[in-house]
Amino acid sequence: MITPEKIIYLDNNATTRPDPAVIEEMLPFLTTYYGNPSSGYQFGRQVHEAIELARERVADLLGCMPSEIIFTSCGTESNNTALNAAMQMDPARRHIVTTAVEHSAIYKHCQHLLKRDCEVTVVGVDENGRLDLEELEDAIRPQTALLSAMWANNETGVLFPVEKIAALARAKRVLFHTDAVQAVGKVPINLSNSTINFLSLSGHKLHGPKGVGALYVNRRSTFQSMLFGGGQENDRRAGTENAASIVALGKAAELAAEAMKDEQSYVRAMRDRFEDKLLAEVPETSVNGDRETRLPNTTSLSFASIESEAALLMLDQQRLCCSAGSACHTGSLQGSHVLRAMNLGAGAVRGSLRFSFSRFNTETDVDQALEIVPRVISKLRAMSPRQMARAEPALLL
Ligand code: PLP
């Protein structure tokens, strides 16, 4: 097995290392405190109390009330629940406005709704991954049920002006959902005076375990459950709670609040050093997305004349974990829908890599990655047909 000591893990937007303090707090709920939180006796009630503490901790991180938090199984479920709730609200409203760079947990649900008599307007972004708020506003119709726009993009880290979008939705009397799976724990969020109706988050993106998430539902918003059964989560999400993971998410949220300053300084400094050095040393390299308004931990870089899939294989051999901006789906190299929406051009889309940092990375990781990445890019370029054509034009004849 590959263990963390043997890798350089720069893929923290894919998932994060669970914080040891999170695991420590979680484990007793898998071993000793296994009571059902809905049971009336003390052995069950103590688990219920631990879940309520987790709810307070998540609420504290978001600046909202504990009663506004519903625990779910993941970010995907939170996103699906929000869309589902909005579409149940008023049968006359069958229109959704969303953006071209959303995660598949939003856009695939929208594609599904298209087959269910719904209309969807997808608003594009510019070459820096930014939204045009006027275009967004113009897309809203009287039949619009929901506007859904992510807080931070998982590929580029670009941040949308979510509070402005929420205000715009409120003015048009349309519900607003934000997929904040990549934003929570990385940028400060305060929902106390917000007009956001729904917000999704996921445990494994903030050093908690996989398979747990939460949906914030503003206390003034009406809500429809997606799962029916027991009365858990105040009748808003049936099913016996994943108590251990919820406890873990609570601890992860508490730690994320404490580590927010580190995220803004230590993590940002690592990302910037890595990015600046590569830009300076590797020719024909550029940053995808608005460099100013983005997550402190993410850099999406486009390297001319390489195929990111090949780069990933070579980086994996060097035990460096990162992601490609493109993905090969059923044999056709289409490339990332996010980078394509930014109109970056096929070469840039094919040659993009995403590196994402966390508080568990070290300066040594950065040093080693700065040794490996330029070497891999030069090797690939030396093998690329474009480079060969430049070096030896006769070969083309
Ligand atoms: N939304 C965004 C922006 C994400 O990056 C992800 C995961 O990569 C999800 C939603 C889905 O979260 P989960 O893996 O918890 O289902």
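The values are calculated or read from the model by the stated rules, or taken from the named source; none is laboratory data. In this text, all values refer to a predicted model and were calculated from it rather than measured experimentally. All Cβ positions, even for glycine, are placed from backbone atoms using ideal geometry, and neighbour counts span all protein chains on display. Protein only, heavy atoms only, side chains kept; ligands, DNA and RNA dropped before computing areas. Shrake-Rupley method; radii C 1.70, N 1.55, O 1.52, S 1.80 Å.
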- Note on the structure: Taking Cα atoms, the helix 104-114 axis meets the longest principal axis of the chain at an angle in degrees (rounded to 10) of 70 degrees
- Item | Cα-Cα P(r), region 152-246, percent of pairs per 10 Å interval | 14, 41, 35, 10, 0
- Task: May I ask you to list the residues of region 1-32 whose amide nitrogen lies under 11 Å from a point 7 Å from Cα along the Cα→beta-carbon direction of Ala269?
- Result: none
- Query: Can you give the convex hull volume of the alpha carbon atoms of the chain per residue, in Å³?
  - Reply: 155 Å³
- Using alpha-carbon pairs under 8 Å, 6+ residues apart, how would you state the relative contact order of region 35-94 in percent? 15 percent
- List the GluC sites (Glu not before Pro) within region 90-193 that fall in a DSSP loop (any state other than H, G, I, E or B) and whose Cβ has at most 14 other Cβ atoms within 10 Å. Glu127
- Message: Give me the three principal axis extents of region 335-378 from the C-alpha atoms, as integers in angstrom, largest value leading.
- Response: 35, 27, 11
- Please find the FRET efficiency linking Ala21 to Gln368, where r is the Cβ-Cβ separation and R0 is fixed at 35 Å, and quote it to the nearest 0.05. 0.85
- Message: Accessible area per residue for the chain in Å², computed with a 1.4 Å probe and the full protein assembly in place, what is it?
- Response: 45 Å²
- Net length gained if the chain between Gln143 and Arg219 were fully extended (0.36 nm per residue, minus Cα distance): 25.0 nm
- Item | Candidate lysines for bridging to Lys172, where Cα separation is under 16 Å - those fewer than 8 sequence places away on the same chain excluded | Lys164
- Task: Compare Met1, Met89 by solvent-accessible area with a 1.4 Å probe and give them largest first, with all protein chains kept in place.
- Result: Met1, Met89
- At 20 °C and 1.002 mPa s, what whole-number value in µm²/s does Stokes-Einstein give for the translational diffusion of region 41-166, with Rh from the Kirkwood sum over Cα pairs? 130 µm²/s
- Query: Nearest 10 degrees, 0 to 90: what angle lies between the long axis of helix 243-262 and the longest principal axis of the chain (Cα atoms)?
  - Reply: 60 degrees
- Task: For region 182-229 and region 71-93, compute the distance between their C-alpha centroids and round to whole Å.
- Result: 12 Å
- Using 7 Å Cα-to-Cβ label points, what is the Lys6/Leu114 separation (nm, one decimal)? 4.4 nm
- Task: With everything on Cα atoms, drop me the angle between helix 42-62 and the longest principal axis of the chain, reported from 0 to 90° to the nearest 10.
- Result: 50 degrees
- Item | Relative counts (whole %) of C-alpha pair distances in region 203-263, using bins that are 10 Å wide | 20, 41, 32, 7, 0
